[in-house]
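Data first, discussion second: the structure below is written as structure tokens.
The values are calculated or read from the model by the stated rules, or taken from the named source; none is laboratory data. A quick note: this is a predicted structure, and the numbers were derived from the prediction, not measured. Please note: Cβ atoms are built from the backbone with ideal geometry, for glycine as well, and neighbour counts cover all protein chains shown.
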Amino acid sequence: MNILNSVKTLTASCFVLLSVLGTRGVAQNTIDNPLILDMVHHNPGETPYVSKYNDPAVIKEMGYNGKVYFLFESPALAINWESVDKDILPKGSEDRKWVDAKAAQIKKMHAACKVENMAIYAMSDLVLFPKRLIEKYNIEKTFGDPNNPLTEKLVRAQINEMFDQFPDLDGLVVRIGETYLHDATYHLGAIDDKTNPEKTIIPLINILKEEICEKRNKQLIFRTWGAFDTNLENYMKVSNAIEPHDNLIISVKHVEGDFHRSNAFSKVIGQGRHRQIIEVQSAREYEGKGAYPNYIANGVIDGFEEHARMPEDKINSLQEFVDTKSELYAGVWTWSRGGGWDGPYVKDELWCDLNSWVIAQWGQNTDKTEEFIFNRYATERLNLTGDDVAKFRKLCLLSAEAVVRGRNSTFRDMNPWWTRDQGIAWPMVVKGDIEQKRNLAQKDESIVKWEEIVTLSKSIDWKNEETKNHAIGSSEYGLKLYKIYRTLVYMKYADDHGNAKNIKKWIKAYDKAWKDYNKLAEKYNTIATLYTQDYDRHIANNANRKVDALRK
């Protein structure tokens, strides 16, 4: 019995020591040289973000070892195609001038990255060709098919020119889920059967693998999103058909579909034969874009509460991924800024910075706990001390709980697309009275949590006035915005049940919530731009117009 007690005491002491050191008390395989990448996702068609994360020196200091340049910073738009046909982009033409200017811009960006010894990656839509090429070769109806012999030839030529004309490029991040042409004036894009493994995905990866990974010893990061990210059978078809290569990496978002809370954790993470890099959005486009506290790094690393109900044999967090499938872990890449469209536009990048820094640091130190790395952020980057570190952590963990309850629920009782960017649609709620009442209860819980967040933000001894102003102001921003959300969900419930008295009550609360929200900028000068009542982009049923109809 004495020996047993001694063993228990020794074990407890070891876990205390591991906690202090921030090392997890489980066995862990060594993970060599993971990619820790960042990308600023500029709003397509708009002026690019002014962000410190555009600077390679800044993200290097944060722990990143590579930068992913956005779609409209890709050499795919800047090659001259002279190896194929000098008449595709003839010198002196407007499109050639545009391409040459784009090339100069990109080379300047790459040079800044090279100075910092950072790996350089470009995200590119495929298939994407100059309009002149498509017209000259009369391939309007065929260029989106990678099995077409001419398309294959042109894709191979395109890859060659990209690496020849931009020799600092370390790899391509390839996307086929969508094609954006907002800032690609002289190009067209298309892809046929983008979710079909046999017809599209497998032949395209094989072409790119041969040209990039094998011939040039460069890296290919092929994104699953919008193509084979939610269908495990399709993912395994691709995995089984493509022979693994050290330079071939598959990119997977940590949740299925878009970056919505309550979406399922990706079922393809940890599956198949290919190394995987995990995509994380730091300034969530459906959740304020960094306008208010929204700490998602804890959930990404250790598991969101809504994924805790997953079967024990299923991976539900990045920590579990590296613990059980370390041989498949290739790293992480964050979108420090961006995603979606329009605003809100942040002036202070505090909340983006927190998520990005923690993910980057953990990505290269996966034997360390998320809490240990978080506390380093609080002390090293915010200079917090004593109880203020614990208060800051509580604030951040509460923000994750408040956000999921306020926009959706932990049971996904709402369609997550009802609010996005800087706009709010009429709430889309699942049917069923039990689910609706549960959803309403979580809206109340969200407000309670937001109120505690505001209280905590005011109790912390922030080390400078600017940080204090923003931390408190952005917390107030979250509270007041989520009060607007709450009034709308309650109003919809009243409308669905024909309760005219409650409709009137919640319209009054809605008007007051907007009035309070719109006063924020008078008090806090660093908060983000505000949501607007008249925003319609990708909003099918504008909430404010519905409220106005109910007033009658």
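Some notes on this structure:
- Residue tally, condition touching an Asp or Glu at 6+ places or on another chain (Cβ under 9 Å), part of a loop (DSSP other than H, G, I, E, B) and more than 19 Å from K107 (Cα to Cα), over region 34-67: 6
- Candidates H497, H538 - the one that is on the phi > 0 side of the Ramachandran plot and not charged (D, E, K, R): H538
- Of the candidates A513, A521, the single residue that is within 18 Å of I424 (Cα to Cα) and not polar (S, T, N, Q) is A513.
- Each residue in region 450-479 was checked for being charged (D, E, K, R), surrounded by fewer than 22 Cβ atoms within 10 Å (Cβ to Cβ) and in contact (Cβ under 8 Å) with a residue 12 or more places away in the chain, and 6 of them qualify.
- Scoring A441 on the criteria (1) touching a residue at least 40 places away in the same chain (Cβ under 8 Å); (2) over 24 Å from D388 (Cα atoms); (3) more than 27 Å from the chain's Cα centre (by Cα) leaves a single failure, condition (1).
- The lone exception for I527 - which of (1) without any contact (Cβ under 8 Å) to a residue 40 or more places away in the chain; (2) in contact with a His (Cβ under 8 Å, 6 or more places away or on another chain); (3) among the aliphatic types (A, V, I, L, M) it fails: (1)
- Pick from region 112-158, criterion touching a residue at least 60 places away in the same chain (Cβ under 8 Å) and part of a helix (DSSP H, G or I), ranking: nearest to N54 (Cα to Cα): Q158
- Qualifying residues in region 151-169 (those that are touching a Phe, Trp or Tyr at 6+ places or on another chain (Cβ under 7 Å) and more than 13 Å from L128 (Cα to Cα)) - the one surrounded by the fewest Cβ atoms within 10 Å (Cβ to Cβ): E161
- Verdict on I176 being farther than 17 Å from E82 by Cα and crowded, with 19+ Cβ neighbours inside 10 Å: yes
- Every pair of residues 6+ apart whose Cβ atoms lie under 8 Å, when the first sits in region 56-76 and is under 28 Å from P130 (Cβ atoms) and outside the structural domain of G331 (by TED's automatic domain parsing) while the second is assigned to a helix (DSSP H, G or I) and acidic (D, E): none
- Residue in region 442-451 that is in a loop (DSSP other than H, G, I, E, B), among the hydrophobic types (A, V, I, L, M, F, W, C) and out of contact with any Phe, Trp or Tyr (no Cβ under 8 Å at 6 or more places or on another chain) present: no
- Count of region 264-295 residues which are touching a helix residue (DSSP H, G or I) at 6+ places or on another chain (Cβ under 7 Å) and in a loop (DSSP other than H, G, I, E, B): 18
- Residue match in region 422-432 (condition: buried (at least 20 other Cβ atoms within 10 Å of the Cβ) and among the charged types (D, E, K, R)): no
- Looking only at residues of region 487-503 that are polar (S, T, N, Q) and without any contact (Cβ under 8 Å) to a residue 24 or more places away in the chain, we find that the one that is nearest to N544 (Cα to Cα) is N502.
- All positions within region 535-552 that are of a type in the set (A, V, I, L, M, F, W, C) and over 15 Å from G340 (Cβ atoms): A540, A543, V547, A549, L550
- Of all the residues in region 190-227, those that are within 13 Å of I242 (Cβ to Cβ) and not in a helix (DSSP H, G or I) number 3.
- Looking at K314, K289, just one residue is assigned by TED's automatic domain parsing to the domain that holds A241, among the basic types (K, R) and more than 16 Å from the chain's Cα centre (by Cα), and that residue is K314.
- Residues that are buried (at least 16 other Cβ atoms within 10 Å of the Cβ) and β-branched (V, I, T) within region 108-136 comprise I120, V127, I134, listed in sequence order.
- Residues satisfying the stated conditions in region 210-231, i.e. surrounded by fewer than 18 Cβ atoms within 10 Å (Cβ to Cβ) and within 25 Å of T334 (Cβ to Cβ): G226
- Answer residue from region 179-194, given it is among the hydroxyl-bearing types (S, T, Y) and surrounded by fewer than 17 Cβ atoms within 10 Å (Cβ to Cβ) and is modelled with the highest pLDDT among those: T185
- Checked across region 92-111, the condition of being assigned by TED's automatic domain parsing to the domain that holds D192, farther than 22 Å from A330 by Cβ and part of a loop (DSSP other than H, G, I, E, B) holds for at least one residue.
- Every residue from region 61-113 that is of a type in the set (V, I, T) and closer than 16 Å to V40 by Cβ: V68, I106
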